[in-house]
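The values are calculated or read from the model by the stated rules, or taken from the named source; none is laboratory data. Remember, it's a predicted structure, so these values are computed and weren't measured experimentally. Counting neighbours? That spans all protein chains shown, and the Cβs are built from the backbone with ideal geometry, glycine included. Note: accessible area is taken over every heavy atom of the protein model, side chains too, but ligands, DNA and RNA are not part of it. Shrake-Rupley method; radii C 1.70, N 1.55, O 1.52, S 1.80 Å.
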Amino acid sequence: MEKKEYSMELGGKTLTLTFNNWAEQTSGSVLARYGDTVVLTTAVMSDHDVDMSYFPLMVNYREKYYAAGFIGGGRFMKREGRPSDEAVLKARLIDRTLRPLFNHAMRREVQVVNSILSYDPDSSPDIIALIASSLALHVSDIPWDGPIGGVRVSKIDNNWIINPSSQQQEQSNLTVTISGPEGKINMIETEAKEAPEEDTIEAMRQGQKVLDELAKLQDKIRDEIGKEKQEVELKMPEKKLQKEIREFSEEKIKQAIRAGDAKEGGKEIYKVHDEIKEHFKEKYEEKNPEYVQDVPEYLDKLIDELVHQAVLEEDRRVDGRGLDEVRPLSAQTSLLPRTHGSGLFMRGLTHGLSTATLDSPGEEELAEEMEGESKKRFMLHYNFPQFSTGGTGFFRAPGRREIGHGALAEKAVEAMLPDKESFPYVIRVVTEILSSNGSTSMASVCSASLALMDAGVPVEKHVAGIAMGLMMDNKGKNYKILTDIQGPEDHYGDMDFKVAGTRDGVNAIQMDVKIGGVTIDMLEKGLKQAKDARLQILDVMEKAIAKPKPELSQYAPVIEYLKIDPETIGMLIGPGGKMIKEIMAETNTEINVEDDGSVYISGEKREEVEKASKLAENITREIKVGEEFDAKVVKIADFGAFVELVPGQEALVHISELADGFVKNVEDVVKAGERIHVKVIKIDESGKIGASVKAAKNGD
């Protein structure tokens, strides 16, 4: 293949897209460079259909330690292991962008692989991988309705920054990641701290300009070097069967929609769905089993059509609610006696129970990623057991969905946490979804906020979340926004738009769609409707607990924070860690010392923590001339006695300063192990301290 190279300016840097023969056997590939970040993206489609009831798309995001210039891995295993949670989230972000633009009647396996070959901290590889994924598909022979662009936008000092560095994102109170085709958005991730809805929309407007430029560039590239798209057989039932399904099912589905009530949450639709499937199974299982396999997909399309029709033509939802009506709400705290904090949040048939656990700084989560090692002080873990939907199954490690929902809730709540200096605890929240009927991630936000306040964590404000939906006609002109979507509306609707925040602004947003994309005007309306619902939820949460408890749980550890001069860290630790080990053993505490001089002391009893804190403070504090101490004699010499003023700091009491009058032998006056009252009389340039018994006695 002849090498081709294209480029454009993006956020003050050059994005270079190279086509070469590196991955020559793929359906499509591109080498993308932005700054010093380099991503190789490949797209491959199998040459035959697979026997599945869904479109088999796989999106991978592969981080390599070598990309960042280090070996990494554990002591024994240097090969990269399972993807980090961050890598999983980045793969999920790309997947949510690409998936809506495929025809889901395809049964060919499609795999998109993003390999990070070089990592530049100032140039985020996930955005480059997203753009490259679109382009690899667009120039390939794989049927796909792209292209899409991707961009990250941050607001810093009232300026909009395109594709900010990691450091710039940390300085910003609003960072929005969006992707989508020209003129539309089909994926959103937002991390913020009480950002006004207006700023969030403006960030999207700024980003949409970039999406449009990227889409135009990709169309130009495809026109020049793109392959002809394959004609792929689509898995669709015969017209005769489609007609039969419609005639048998349409009125039954309409009745199920009309019969739905808020308590059942639209379960009548699922019941009818199963009854219809069973009817066709009995009819065709023996004489035409292929029909039985074809029924579910068309039946889903028919239900989707009729659910849309009910909303768009009659303002009728599957559970009878108004379009902007939130399901019944309740909130409780202090449910579990031995946890540090607990909260139960219920919205209709969606119930989330969260617990908060506080621990010492040494319990931070350590992670090794392509960017290097990192520590996490706050963790929110989300669990979705099978019983939450009335089902059974194996318990396995968290998948992409669980990791993604937990990360979204974590992002929403973390913005309200106190800083480490004022509240030095490591905090872990675990959400157990007890009952699920839509928007469990937003229930996790609410129950986590309740649990944190119940634990006495001094969070600034409650955080609540709500999921908004969309029903839109095929022409994209008539649409309705739905508040607080539940099961069938999530499954058959066109958008899942989750918004979490406080009374004063947005902390986190996540959106994905099942259609090509939505407009900013739709999102602006959705944000306004979401705020109205969020305020209603916050009213209920504040009735359960309006502010953090004044005292921590009796079962939480006691922690004190001490700031010392970094140059005195060695004094506190002592040779081979002797000093700090002695303090911990004497006081039954744990002491964690950081390079900047931050010292965290934790234990079960306050008096022991306070004692350890006092010892640490004395060891590292600056001794001044004129201070007096009851000092322990630690060593006798011919010329005087060495005394320990505080642990780790000694002074010499010269023989002439041991007593009034002449002293012939030091041991005539003091013995090793005795305590004597001394006064500091001098400190020389090297830090050596001189003390006197005479001066202390005579008040000199």
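Some notes on this structure:
- Cβ-Cβ under 6 Å pairs, at least 6 apart or on other chains, the stretch 234-245 side open to solvent by 40 Å² or more (accessible area, probe 1.4 Å), far side at pLDDT 90 or above: L234/A105; K235/A105; K235/R107; M236/A105
- Annotation: of all residues in the stretch 370-400 being touching a residue at least 12 places away in the same chain (Cβ under 8 Å), in a strand (DSSP E or B) and open to solvent by 50 Å² or more (accessible area, probe 1.4 Å), the one that is farthest from S123 (Cα to Cα) is N383.
- The stretch 566-610 - residue that is open to solvent by less than 80 Å² (accessible area, probe 1.4 Å) and acidic (D, E) and, of those, farthest from V426 (Cα to Cα): E608
- In the set G352, G406, only one residue is in contact with a Phe, Trp or Tyr (Cβ under 6 Å, 6 or more places away or on another chain) and part of a strand (DSSP E or B); that residue is G352.
- Residue check, L57 crowded, with 20+ Cβ neighbours inside 10 Å and modelled with pLDDT of 95 or more: no
- Qualifying position, being of a type outside the set (V, I, T), at pLDDT 95 or above and closer than 30 Å to E170 by Cα, among L434, L452, L482: L452
- Pair list, Cβ under 7 Å, 6 or more apart: the stretch 578-606 residue in a strand (DSSP E or B), other residue among the basic types (K, R): S598/K563
- Meeting the requirement of 3 or more residues that are touching a helix residue (DSSP H, G or I) at 6+ places or on another chain (Cβ under 7 Å) and farther than 25 Å from K209 by Cα, the strands (runs of 3 or more DSSP E) wholly within the stretch 1-98 are 57-62.
- One residue alone among A451, A508 is over 19 Å from T190 (Cβ atoms) and open to solvent by less than 10 Å² (accessible area, probe 1.4 Å), and that residue is A451.
- Residues considered: I676, I683, I655, I689. Of these, the only one that is of a type in the set (V, I, T) and open to solvent by 60 Å² or more (accessible area, probe 1.4 Å) is I683.
- Single residue of I131, I161 found to be outside any strand (DSSP E or B), within 30 Å of D199 (Cα to Cα) and of a type in the set (A, V, I, L, M, F, W, C): I131
- Scope the stretch 97-125; condition within 15 Å of A67 (Cβ to Cβ) and open to solvent by 10 Å² or more (accessible area, probe 1.4 Å); matching residues: V113, S115, L117, S118, Y119, D120, P121, D122, S124
- Filtered by the rule that a residue be among the β-branched types (V, I, T) and either loosely packed, with under 14 Cβ neighbours inside 10 Å or at positive phi (or both), the stretch 60-92 gives a lone residue, I71.
- Selection within the stretch 302-352 - open to solvent by 30 Å² or more (accessible area, probe 1.4 Å), in contact with a Ser or Thr (Cβ under 6 Å, 6 or more places away or on another chain) and among the hydrophobic types (A, V, I, L, M, F, W, C): L335, L336, M346, L349
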